[in-house]
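A.B. asks: To start, I am sharing the structure in question, which I have written as structure tokens.
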Amino acid sequence: MKLNKQLLIALTFVWPASVAAQSISPSQIEQFKNMPRAQQEALASQYGVDLDTIAGSTGSQNQRPQSVDVIDPIRNEAEQQKKAREEAAKEQELARKNDGLRPFGYDLFAGSPTTFAPVTEIPIPNNYTLGPGDVLRVQLWGKENQQLELPISRDGTISFPQSGPQTVAGLSFDEARQQIKKRVSEQYIGVQASVTLGELRSMRVFVLGEARNAGSYTVSSLSTITNALYVSGGIQPNGSLRRIQHKRDGELVGELDLYDLLLAGDTSNDSRLQPGDVIFIPAVGDRVGIDGEVYRPALYELKGKTNLQELVKLAGGLTPQAYPQLVRIERNNDDFLRIIAEANLTIPKGRNAAVKPGDRIEVASISDITGQYVEVKGAATRTGKFAWVPGMRVSSVIKNLDTDLVPAADERYAAIVRTDRETDQVSVLNVRLSEAVRNSGGPQDLLLQEEDQLLIFSDAGKVEGGEEGRNFTREALFEPVLQRLKAQARPGAPQQTIQITGPVRYPGEYPLPASKRVADAIYVAGGLKDSASLYTAELARFGVDETGNGQTSILDLDLQDVMKGQASVALQSRDRLLIKSIPEFAKTKTIQLEGEVRYPGEYTIRDGETLAEVLQRAGGLTTNAFPEGAVFTREKLRRLEAQRLQEAEERLQGDLLGVQLEGDDLGGKSAERTDQVKDLLEDVQDARPVGRMVIDLAAVVSDEEYQPISLQDGDSLTIPGIPQSVSVFGEVQFPTSHLHTEGLTVDDYLNRSGGPTRQADESRVYVVRADGSVMLPEESRWFGGRSQQLAPGDTIIVPIDVDRLNQLELWTNVSQIVYQIALGAAAVGNL
């Protein structure tokens, strides 16, 4: 506390507003720094002391300024992502308006760093201007060896040990080096010096205008204009790349054209920055677009007057496929209407034609003009137009099935779409692609003609989710061809299409094969599936009778002979070929045997086979089997139970609504009825249909006179082991299972479960035998009770008393449905 008082006195008397920071001793400043921050702020506020001045006053002449971050954070990540999405949307909209053309050069900053490290690993130029924050490294050798690091202080000086300060700020690095060497040689006898530049200072510059992230940035003292542009994230699409202004103290000191850097690698105008410099990016200037046969189709910013030849040069020049005699220029006239002009780049007039803002130039292709091309579409690695030469074949375009086709391509089949130049009629030639490629020059390697289209289809068996081959199906690629074939049909030249249905890989509508063979049509459709019947097929043919009326005739084909080429059936216009399936092909019917059978499992059944026959195939029952408790389920019955449950649920929901609307008008019983209906509705909703059918399995196995049970697909038989319990369910105090005891009656088991509840209907108690049959116990006239004895596996059901409630009949039936289903499920689940 005494120390604080001394410091307070020193601050009060020694540091008036007009006195510099050096009036306080370094020890007092250090004491002040060791005080808590709150106390520092209180003292500074009371006496008008600047905390930053105190913190920086100690040894300010001998210390380099405190380092700062290379980049100041501009916005949080969410804002950056939002802005990036907005800019991407703007770029896509701009490309859409310009038929896919995007502005040139802006991808220079794609993926630009979010932080920018100072440039420190490059040689320092001799004309580098020193300033506060730079560090000079001086190595002395000779009579005295010493390594010194001398930071340039804020007053622009460095301090030698045992020597006075020396001003170096504002000098070039070469000038400062010569002065230091001279001073060492004069003041240190027999000592020589080597001077290098150590750490570099940081400086703050401004990037303004159409920058992606305009603002102030702290960069290295070696940074140039392009370095600062990278720091700011680059230039927005609406910013100029050609007129980037470099300003200092309000004066324009230089201008950078990024096209010089992008197109020629020229960095001569990429000036080095100084503290406080401003880089201003103005709005983009006039643009023109160029497309077609140039190397860099894009939107280009104009700088001054530009002719057509200069624009082509900006776009990288003409490709070998370019047709320079035809260049289309689309522009707005004085009436703001879009017009098209043409220019010839082979003559001076065309080369010197001026381009205007908003022009869109397209350089034509040789193939577009001359028609000497073939076009590949579909599942090929290289699609598009290829120059046609006489003698070109399919193998000239598709040379290798592995490299020239995408993985999802159908290697077996391709199609050539050919247009007759004289009649403008379309025809289709089928190609066995794999044979054509492997046997170059063979019969399947067809000769191509000018403007042929080669369609490569995808194979459905190879196409995975999201793969582009999904767009190259026969249906997709043939659709425009079929439309053209239908449009060109006329009297005497009928529509050249057919349809194929049935078990082929790609059923649908196809162009009529040039060969008109049925086998070729099936090959176009991907071939036959294994379920196709080779014994018969059906051909439906449309024709016109003698009276001029349309008629359809049916032709039966021996498909095996057709595929071998032994049947002469030529396809005609609009034929419909039906490939028939093998009856009951691969349709297996099964039954599931579980539990106490010698060989349980899923058995395939034949038509008309019975349960007894399948049990015999399964080796019969085990010695521990309990046939009386067997559970036989059928899928058809399960669906029926599900339907009954659905109907019961719908009726109960209606009854619940009716009870709720009645209100509490029957002595408080309406609420009780509502709760009971809700409970019953929950039981119905929780019930799962089983589809159990009651059978006498013991008779099935041993009695030949017993009615045989014909099996259906999906049947299931579960045979439990010998049980030892009797279960009690329903409205009893403790629903549970009891160990079967010989001689106990229904009432005995009810008493063991605590007796019936108040809601029980004791007059409707029933017993479900282990085989699923129901027994209604009768009361004894002598003893007044239910004296029937039970067998192991039996279940006693005590239903709810629904006589006190409305809708008696419905609720009674629903209760029985739920209990029966629950017992069936329990019987299966307890095995």
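A.B. asks: What does the charge count near residue 340 come to, summing +1 for each Lys or Arg and -1 for each Asp or Glu among other residues with Cβ under 10 Å from its Cβ?
C.D. replies: So the surrounding residues net to +1.
A.B. asks: Here's a follow-up. Stretch residue 90-residue 354 to full length: gain in nm at 0.36 nm per residue minus the Cα-Cα span?
C.D. replies: Full-extension gain reported as 92.1 nm.
A.B. asks: Beyond 28 Å between alpha-carbons counts as too far, so tell me which of 529/589; 247/356; 564/589; 399/462; 399/580 fall in that bin.
C.D. replies: 247/356; 564/589; 399/580
A.B. asks: Here is a further query. Once you have the Cα-Cα distance between residue 705 and residue 578, take 0.36 nm times their residue separation minus that, and quote the gain in nm to one decimal.
C.D. replies: 40.9 nm
A.B. asks: Separate question: How big is the gap, in Å, between the Cα center of region 294-335 and the Cα center of region 389-439?
C.D. replies: 35 Å
A.B. asks: Here's another thing I want to ask about it. Work out from phi, with θ = phi - 60° and the Karplus expression 6.51 cos²θ - 1.76 cosθ + 1.60, the ³J(HN,Hα) of each residue of region 221-230, listed in order in whole Hz, and give x for Gly and Pro.
C.D. replies: Result, rounded to whole Hz: 6, 8, 5, 10, 4, 5, 4, 5, 5, 5.
A.B. asks: Set the bar at 20 Å for Cα to Cα. Now go through 90/313; 305/349; 313/385 and name every pair that lies beyond it.
C.D. replies: Where the Cα-Cα span goes over 20 Å, the pairs concerned are 90/313; 313/385.
A.B. asks: Further question on the same structure: I'd like the trypsin sites (Lys or Arg not before Pro) in region 710-777 restricted to DSSP loop residues with at most 14 other Cβ atoms within 10 Å, sorted by number.
C.D. replies: Qualifying residues, ordered by number: 758.
A.B. asks: When only the heavy atoms of the protein chains count and the probe is 1.4 Å, how do 563, 775 rank by accessible area, highest first?
C.D. replies: If we order 563, 775 from most to least accessible, we get 563, 775.
A.B. asks: Let me check I've understood the local charge: for residue 252, count other residues with C-beta under 13 angstrom from its C-beta, Lys and Arg +1, Asp and Glu -1. What total comes out?
C.D. replies: That works out to -1.
A.B. asks: Take every Cα-Cα pair in region 285-397 and report what % of them are more than 16 Å apart.
C.D. replies: Across region 285-397, Cα pairs with separations above 16 Å total 63 percent.
A.B. asks: Not counting ligands, DNA or RNA, and with a 1.4 Å probe, what is residue 365's accessible surface area in Å² rounded to the nearest 10?
C.D. replies: 10 Å²
A.B. asks: Using DSSP to define loop residues, name the trypsin sites (Lys or Arg not before Pro) in region 580-628 whose beta-carbon has at most 10 other beta-carbon atoms within 10 Å.
C.D. replies: Passing both the DSSP loop test and the Cβ count: 587, 606.
A.B. asks: In nanometres, what is the gap between the two model label sites at residue 499 and residue 640, each 7 Å from Cα along Cα-to-Cβ?
C.D. replies: Result for the modelled spin labels: 4.0 nm.
A.B. asks: Can I ask one more? Could you give the nm distance between label points at residue 107 and residue 178, where each point is 7 Å from its Cα heading toward the beta carbon?
C.D. replies: Reported label-point gap for residue 107 and residue 178 is 5.0 nm.
A.B. asks: While we're looking at this one, here's another question. With a cut-off of at most 13 other beta carbons within 10 Å, and DSSP calling the residue loop, which trypsin sites (Lys or Arg not before Pro) in region 124-165 qualify? Please list them.
C.D. replies: 143
A.B. asks: Okay, moving on. Lys and Arg at +1, Asp and Glu at -1: add these up for the other residues within a Cβ distance under 11 Å of residue 138 and post the number.
C.D. replies: Neighbourhood net charge equals +3.
A.B. asks: Nearest 20 debye, what's the magnitude of the dipole of region 506-608 about its Cα centre given +1 on Lys and Arg Cβ and -1 on Asp and Glu Cβ?
C.D. replies: Charge dipole of region 506-608: 200 debye, to the nearest 20.
A.B. asks: Give me the number: length gained by fully extending residue 307 to residue 267, i.e. 0.36 nm times residue separation minus the C-alpha to C-alpha distance, one decimal in nm.
C.D. replies: Contour length minus the Cα-Cα distance gives 11.9 nm.
The values are calculated or read from the model by the stated rules, or taken from the named source; none is laboratory data. Predicted model only: the values in this text are computed from it and were never measured. When we count neighbours, we look across all protein chains shown, and the Cβ atoms used for this are built from the backbone with ideal geometry, even at glycine. Keep in mind that these areas ignore ligands, DNA and RNA; they rest on the heavy atoms of the full protein, side chains included. Shrake-Rupley method; radii C 1.70, N 1.55, O 1.52, S 1.80 Å.
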